Amino acid sequence: MSKQKEVRILAIESSCDETAAAVVVDGRDVRSNIISSQIALHTIYGGVVPELASRKHIEKINQVIEEALREAQMTFDDIDVIGVTYGPGLVGALLVGVAEAKAISYARKIPLVGVHHIEGHICANYIENKELEPPFLCLIVSGGHTHLVQVQDYGVYEILGRTMDDAAGEAFDKVARAIGLGYPGGPKIERVARQGNPDAIPFPRAHVAGDGYNFSFSGMKSAVLNYLNSCRMKEIEIVQEDVAASFQQAVIDVLIGNAEKALEQTNMKKFAIAGGVASNAALRHAMEAVCTRHGAAFYHPSPILCTDNAAMIGAAAYYEHLAGRYAGLDLNAVPNLKLGERL
């Protein structure tokens, strides 16, 4: 029996403030993964400015695609599928990637696949864990999303829980700004928290009423702001390291609590994490300990594959291709796209 021809995917990601392109073969073999970050551009504003992000994507997108092809030692003639993030995200930023992908698809007559950004984060786990296959549980924690998902099959998801207000990463950014660390909040809080006492301040652990797996971080963020205001009014010294460590621990406790409950109630033996906050070492260690207690295998991408990147989009696009789910040239950006929704 002859070996099946490999599928070479050019993937494009532009949902927020990273302009990225990658070449991925058969969903798990990354030949290139180019990321042009805009962090320095947005830091002075304390967060992502959508209009500036869109302009920078337009400047960079051709460059990152050319570099991705060059590093993979391929040309457009070698590409079998174009994969692109079409939601969720910033509408202007998404449109740049979608327009680019449609143009290449039309000009080169290459099939086009639209990829859900959160599905991409989940699929990042396949790249370095070649043995990982559904079903498994996945906790997606990023700046815009906090989801606990049961991955039933490739492209088939049951959302067990989600945040009812702020995403965990959003709370990290807001608390970082409040204690003077600036943007981006997640990595800065993690760094400062290493020098602090996680038990110094008893911030609340919010639990959503009912037996589900939903999250809430807005109250936790407000508790930090109230604590800071109270200290200033009473002229009590604010120990930045202790605030960061105590807040980070509170977030981790909530995330771990629902994850452990899901492991107990579903009896799943595989658990993965994904998204930008999944690069947090304290969260990884806590989640690994939970999985060990429950006899479950623990999977996580490398930090570079946790943040927004195109390799994960290429991984997700491969399974969309296998399922025959292609997009037409009418593909549009869908900024509020829900996980599991299709074109």
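Any read-out appearing in this document is the output of simple, stated calculations on the displayed coordinates, not a laboratory observation. Owing to the predicted nature of the structure, the values given are computational and were not obtained by experimental measurement. So basically every Cβ, Gly included, is an ideal-geometry build from the backbone, and we count neighbours across all protein chains shown.
Suppose the Debye formula is applied to equal point scatterers at every Cα of the range 134-300; what is log10 I(q)/I(0) at q = 0.12, 0.13, 0.17 Å⁻¹?
Cα-only, vacuum Debye calculation for the range 134-300: -0.51, -0.60, -0.97.
Tell me the relative contact order for the chain as a rounded percent, counting alpha carbon contacts under 8 Å between residues six or more apart. Spell out each step's value before the answer.
Numbers: 758 pairs, mean separation 84.0, N = 343.
Rounded, it is 24 percent for the chain.
Under the 0.36 nm per residue contour assumption, what length would be gained going from the current alpha-carbon distance of ASP29 and HIS285 to full extension? Could the numbers behind the result be given before it?
Values: separation 256, 0.36 × 256 = 92.16 nm, distance 2.68 nm.
So the chain would gain 89.5 nm between ASP29 and HIS285.
According to a simple spin-label model (label point 7 Å from Cα along Cα-to-Cβ), what is the distance in nm between LEU225 and ASN129?
3.6 nm
Roughly speaking, what is the stretch gain from GLU158 to GLU66, that is 0.36 nm per residue apart minus the C-alpha to C-alpha distance, in nm to one decimal?
Length difference between fully extended and current span is 29.4 nm.
Between ALA107 and LYS234, 0.36 nm times their residue separation minus their Cα-Cα distance comes to what?
Numbers: separation 127, 0.36 × 127 = 45.72 nm, distance 6.58 nm.
The ALA107-LYS234 span can extend by a further 39.1 nm.
Taking neighbour Cβ counts within 10 Å as the exposure measure, how do MET268, MET220 sort from fewest upward?
On the way: MET268 17, MET220 23.
Lowest count first: MET268, MET220.
Label-point separation (nm) for ALA297 and LEU52, each offset 7 Å from Cα along Cα-to-Cβ?
In this crude label model, ALA297 to LEU52 measures out at 4.4 nm.
Once Rg and Dmax of the Cα atoms in Å is worked out from the coordinates, which option in (i) 20.3, 61; (ii) 20.3, 77; (iii) 27.8, 81 does it equal?
Answer by label: (ii).
For the chain, with a Gaussian network of springs between Cα atoms less than 10 Å apart, report the residue from LEU225, LEU255, LEU305 with the top mean-square fluctuation.
LEU225
What net charge is computed for the residues neighbouring ILE189, neighbours being all others with C-beta under 13 Å from the C-beta of ILE189, Lys and Arg scored +1, Asp and Glu -1? Don't jump to the answer; show the numbers that get you there.
Numbers: positive: LYS174, ARG177, LYS188, ARG191, ARG194, LYS221; negative: GLU170, ASP173, GLU190, GLU241, ASP242.
So the environment of ILE189 carries a net charge of +1.
Tally Lys/Arg at +1 and Asp/Glu at -1 over every other residue whose Cβ is under 13 Å from the Cβ of ILE12; what's the total? If you can, show how the numbers build up before the last one.
Details: positive: LYS60, LYS102; negative: GLU13, GLU18, GLU66, GLU67, GLU100, ASP308.
Residues near ILE12 contribute -4 overall.
Give the calculated FRET efficiency between SER37 and LEU329 to the nearest 0.05, with a Förster radius of 30 Å applied to their Cβ-Cβ distance.
Plugging the Cβ-Cβ distance into 1/(1 + (r/R0)^6) gives 0.50.
Using a basic spin-label model with each label point 7 Å from the Cα along Cα→Cβ, how many nm lie between THR75 and TYR45?
Each label point is offset 7 Å from its Cα along the Cβ direction, giving 3.9 nm.
Which net charge results for the neighbourhood of ASP78, defined as the other residues with beta-carbon distances under 15 angstrom from its beta-carbon, given Lys and Arg at +1 and Asp and Glu at -1?
On the way: positive: LYS5, ARG8, ARG31, ARG70, ARG108, LYS109; negative: GLU6, ASP26, ASP29, GLU66, GLU71, ASP77, ASP80.
Net charge around ASP78: -1.
Nearest 10 degrees, 0 to 90: what angle lies between the long axis of helix 311-322 and the longest principal axis of the chain (Cα atoms)?
Tilt relative to the chain: about 50 degrees.
Say R0 is 51 Å: what FRET efficiency, to the nearest 0.05, do ASN267 and GLU241 get from their beta-carbon distance? Numbers along the way, then the final one.
On the way: r = 39 Å, r/R0 = 0.77.
The pair ASN267/GLU241 has a calculated efficiency of 0.80.
What is the order of MET233, MET74, MET287, fewest Cβ neighbours within 10 Å to most? Mind showing how you got there, number by number?
Details: MET233 8, MET74 17, MET287 24.
So the residues, fewest neighbours to most, are MET233, MET74, MET287.
For the chain, what is the calculated [θ] at 222 nm in deg cm²/dmol (nearest 500), taking -39500 (n - 2.57) for each run of four or more DSSP H residues and dividing by its residue count? Mind showing how you got there, number by number?
Values: 11 runs with 149 residues, N = 343.
After summing the helix terms and dividing by residue count, I get -14000 deg cm²/dmol.
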